[in-house]
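The values are calculated or read from the model by the stated rules, or taken from the named source; none is laboratory data. In this text, all values refer to a predicted model and were calculated from it rather than measured experimentally. Don't worry about glycine lacking a Cβ; one is built from the backbone with ideal geometry, like all the others, and counts go over all protein chains shown. Side chains included, ligands, DNA and RNA excluded: accessible areas come from the protein's heavy atoms. Shrake-Rupley method; radii C 1.70, N 1.55, O 1.52, S 1.80 Å.
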Amino acid sequence: MYILILCDIGNTTFHFLLGKNHKKYSIEEKLPKFDEKIYFVSVNKKATKKLMKANPDAVNMKKYLDFKTEYKGQGIDRVLACMFTKNAVIVDAGSAITVDIMKKGVHKGGFILLGLSSFIKAYPKISKKLKFDFEKKINLDKIPLQTKDAIQYAMMKSIILPIKDVSKNKNIIFTGGDGKLLSTYFENSVYKKDLIFENMKRIIDANNCIA
C-alpha cells in the first residue's frame with residue numbers, strides 16, 4: 001500500500017508525516033532510506049543535503065509554490081503556512097516564532113520572535129540563578145513576586161503582546177510545537193497541528209504530475 005511521505009525540514013529537526021503518523025529526527029541523527037518517494041520543504045541547506053543523500057528521489061516542493069509577497073527573505077515554511085489563507089494572522093511557534101499577516105489573500109508582512117526554548121536557554125547564560133523549569137500555566141494578570149515567575153511572565157508577555165497588537169479582531173491560526181500552548185492566550189484563535197503538511201497535500205493534489 002502506497003504511503004504519502006511528507007517532510008518539513010526546520011532549523012533543528014526533520015519532521016516527517018508518514019501517512020498519518022508523525023516521526024521526528026534531530027538534524028544530527030542518521031536518516032533512514034524510505035521505500036516511498038518523499039516530498040519535502042526545507043529552510044536548512046545542510047539538512048536538505050543530508051535528506052537527499054539518504055533519499056536521492058526526494059522531491060523539493062519549493063518550485064511548485066506560487067506565492068506573491070513584497071516581504072524579502074520569507075522562509076518556505078512561512079510561505080506554506082500562509083498559503084490558502086485569505087484573512088488571518090498565522091503564527092508558527094517552533095524554535096523561532098514567526099508571525100505573518102494575510103489580508104484579502106495578500107501577504108502584508110510579518111515578524112520573527114524568539115521561540116520559548118530560546119528564551120528558556122538564554123536566561124541561565126546571564127546568571128545561573130536565572131535557571132528555571134518552565135510551567136505551562138502562568139498568571140499574566142498579576143505582577144510576579146518571585147524570580148521564577150518574573151522570568152516566565154516577561155517571556156510570555158514579550159511573545160503575546162506583539163501578536164495581540166497586530167491581530168486586533170483578526171482570526172489567528174497557530175501551528176508548530178508551542179502553538180497549542182500559545183493559542184490558549186487568545187480568544188479568536190485556532191490551533192492546526194499539521195497546517196504545513198495539510199497545505200503540502202493541497203499542492204500535491206493540485207499538481208497531479210508530482211503525486
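Here are the numbers for the structure shown:
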{"read-out": "Flag if K108 is free of Cβ contacts under 8 Å to residues at least 12 places away in the same chain, touching a strand residue (DSSP E or B) at 6+ places or on another chain (Cβ under 6 Å) and open to solvent by 30 Å² or more (accessible area, probe 1.4 Å)", "value": "yes"}
{"read-out": "Contacts under 8 angstrom Cβ, first residue in the stretch 137-151 being without any contact (Cβ under 8 Å) to a residue 12 or more places away in the chain, partner hydrophobic (A, V, I, L, M, F, W, C), 6 or more apart", "value": "P144/A150; D149/I138"}
{"read-out": "Residue in the stretch 163-183 that is least open to solvent (accessible area, probe 1.4 Å), counting only those that are of a type in the set (S, T, N, Q) and in a loop (DSSP other than H, G, I, E, B)", "value": "N171"}
{"read-out": "Qualifying residues in the stretch 51-66 (those that are outside any helix (DSSP H, G or I) and touching a residue at least 24 places away in the same chain (Cβ under 8 Å)) - the one nearest to H107 (Cα to Cα)", "value": "L65"}
{"read-out": "Cross-chain or 6+ apart pairs with Cβ under 9 Å, the stretch 10-31 first and more than 19 Å from N60 (Cβ to Cβ), then of a type in the set (S, T, N, Q) and not in a strand (DSSP E or B)", "value": "T12/N44; T12/S95; T12/S117; S26/T12"}
{"read-out": "F132 being over 23 Å from G177 (Cβ atoms), in a loop (DSSP other than H, G, I, E, B) and open to solvent by less than 50 Å² (accessible area, probe 1.4 Å)", "value": "no"}
{"read-out": "Among the residues listed as T85, T69, T98, T48, the single one being outside any loop (DSSP other than H, G, I, E, B), in contact (Cβ under 8 Å) with a residue 24 or more places away in the chain and either in contact with a Pro (Cβ under 6 Å, 6 or more places away or on another chain) or open to solvent by less than 60 Å² (accessible area, probe 1.4 Å) (or both)", "value": "T48"}
{"read-out": "The stretch 137-146, residues that are loosely packed, with under 10 Cβ neighbours inside 10 Å and of a type outside the set (S, T, N, Q)", "value": "K137, D141, K142, I143, L145"}
{"read-out": "Any hit, the stretch 6-13, residues being at pLDDT 95 or above, farther than 20 Å from N207 by Cβ and small (G, A, S)", "value": "no"}
{"read-out": "For V79: the one exception among (1) more than 13 Å from the chain's Cα centre (by Cα); (2) outside any loop (DSSP other than H, G, I, E, B)", "value": "(1)"}
{"read-out": "Selected residue (only one of M52, M83, M102 is farther than 21 Å from L6 by Cα and among the hydrophobic types (A, V, I, L, M, F, W, C))", "value": "M102"}
{"read-out": "Search result, residues across the stretch 184-205 that are touching a residue at least 12 places away in the same chain (Cβ under 8 Å), of a type outside the set (F, W, Y) and in a helix (DSSP H, G or I)", "value": "L195, I196, N199, M200, K201, R202, I203, I204"}
